[in-house]
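The structure under discussion appears below in the form of structure tokens.
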Amino acid sequence: MTPENPAQPALPLRERKKLRTRQALIDTALDLFGERGFDRVTLDQLCEAVEVSKRTFFRAFTSKEDVAAAPTQDLWTAFLEVLENRPPQGRRLVTLYEEVLVEAIGRMPSEGWAERALASRRLAAVTPSMDAHGLAFCDRVSREAVAVTERRFALDADGEDVAGLRIRLALDMLVSAFHQALATWVAQPSGHTREDLTRRLRAACAELPGALAATAQPRDEAAAS
């Protein structure tokens, strides 16, 4: 499902039908994979359950892993869209990325996205092929985010190589903070909302400066001090 954006004009009927079919594939896939196990559901069975052809499936997704990971992939697709249109504000790069991701979370559909994201992450925890798919997707998003940042923003860095390195490190820190926030969000027994995920993301990002400044000492010296 596309992110929420009330300012956008209504889509043509054909596009709305495509989005409804895409959402039906996501919902049905997560239900079937959760009930039977990822490997025990064939693509033919998924398409039959939604009453669509494989050709229709492949217009929306590249694989079973792709449809199963759609909720969080939609989030990072929205991240790139927000980054592309975010006005320069002279803020620290990590802070800029944090604000962009927070806005992207807010664009996710309020109806059902959190539940789908939770089901997707729980499925990924027991499906190795989804982890591999996720790593490849993350790499593509990172490369696109680097390209957008280099094109739209000027960094106070000594040379393009240094600027590129700083961009990639800032992105890696954001992704790491998001993964930590997502892991604790998934692990909690209840309260799986967009708002709680945002709160956990902000809390994780707030610890980044402390993580960079932390000094490692032998435990016996730390206990004595």
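No value in this document is a laboratory result; all are computed from the given coordinates. Everything quoted here is computed from the prediction, not taken from an experiment. Don't worry about glycine lacking a Cβ; one is built from the backbone with ideal geometry, like all the others, and counts go over all protein chains shown.
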**OP:** Would you compute, from DSSP H runs of 4+ residues alone, the mean residue ellipticity of the chain at 222 nm, taking -39500 (n - 2.57) per run and dividing by the full residue count, rounded to the nearest 500?
**Re:** -23500 deg cm²/dmol
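Rounded, prolate or oblate, given the Cα gyration tensor of region 11-63, with a/c below 1.5 counting as rounded?
Working: a/c = 2.58, a/b = 1.93, b/c = 1.34.
Here region 11-63 falls in the prolate category.
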Original post:
Going by a ≥ b ≥ c, the root eigenvalues of the Cα gyration tensor, does region 36-141 fall in the rounded group (a/c under 1.5), the prolate group (a/b larger than b/c) or the oblate group?
Top reply: prolate
Subject >> Kyte-Doolittle mean at least -0.5, axial Cα span of 24 Å or more - DSSP H helices of the chain >> reply: 128-152, 160-187
Original post:
Under the classification rounded if a/c is under 1.5, otherwise prolate if a/b is larger than b/c and oblate if not, where does region 48-100 fall, given a ≥ b ≥ c as square roots of the Cα gyration tensor eigenvalues?
Top reply: prolate
**OP:** May I ask for the distance between the Cα centers of region 56-127 and region 162-183, given as a whole number of Å?
**Re:** 15 Å
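Output the peptides 180-188, 24-32 sorted from most to least packed, where packing is the average of other Cβ atoms within 10 Å over each peptide's residues.
24-32, 180-188
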Original post:
Rounded to the nearest 20 Debye, what is the dipole magnitude of region 11-63 about its Cα centre when Lys and Arg each give +1 and Asp and Glu each give -1 at the C-beta?
Top reply: 420 debye
Subject >> Ranking of 179, 192, 133 by count of other Cβ atoms within 10 Å, fewest first >> reply: 179, 192, 133
Original post:
Can you give the charge dipole size of region 69-208 about its Cα centre, rounded to the nearest 20 debye, using +1 on the beta carbon of Lys and Arg and -1 on the beta carbon of Asp and Glu?
Top reply: 260 debye
Subject >> Sorted by Cβ density within 10 Å, fewest first, the residues 18, 64, 54 >> reply: 54, 18, 64
Original post:
What residue among 88, 68, 78 has its Cα farthest toward the positive end of the dipole of region 46-93, where the charges are +1 on Lys, Arg and -1 on Asp, Glu, each on the Cβ?
Top reply: 88
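Roughly speaking, what % of Cα-Cα pairs in region 79-225 are separated by over 20 Å, rounded to a whole number? Intermediate results must be reported in sequence, preceding the final value.
Numbers: 6095 of 10731 pairs.
For region 79-225, the share of Cα pairs beyond 20 Å comes to 57 percent.
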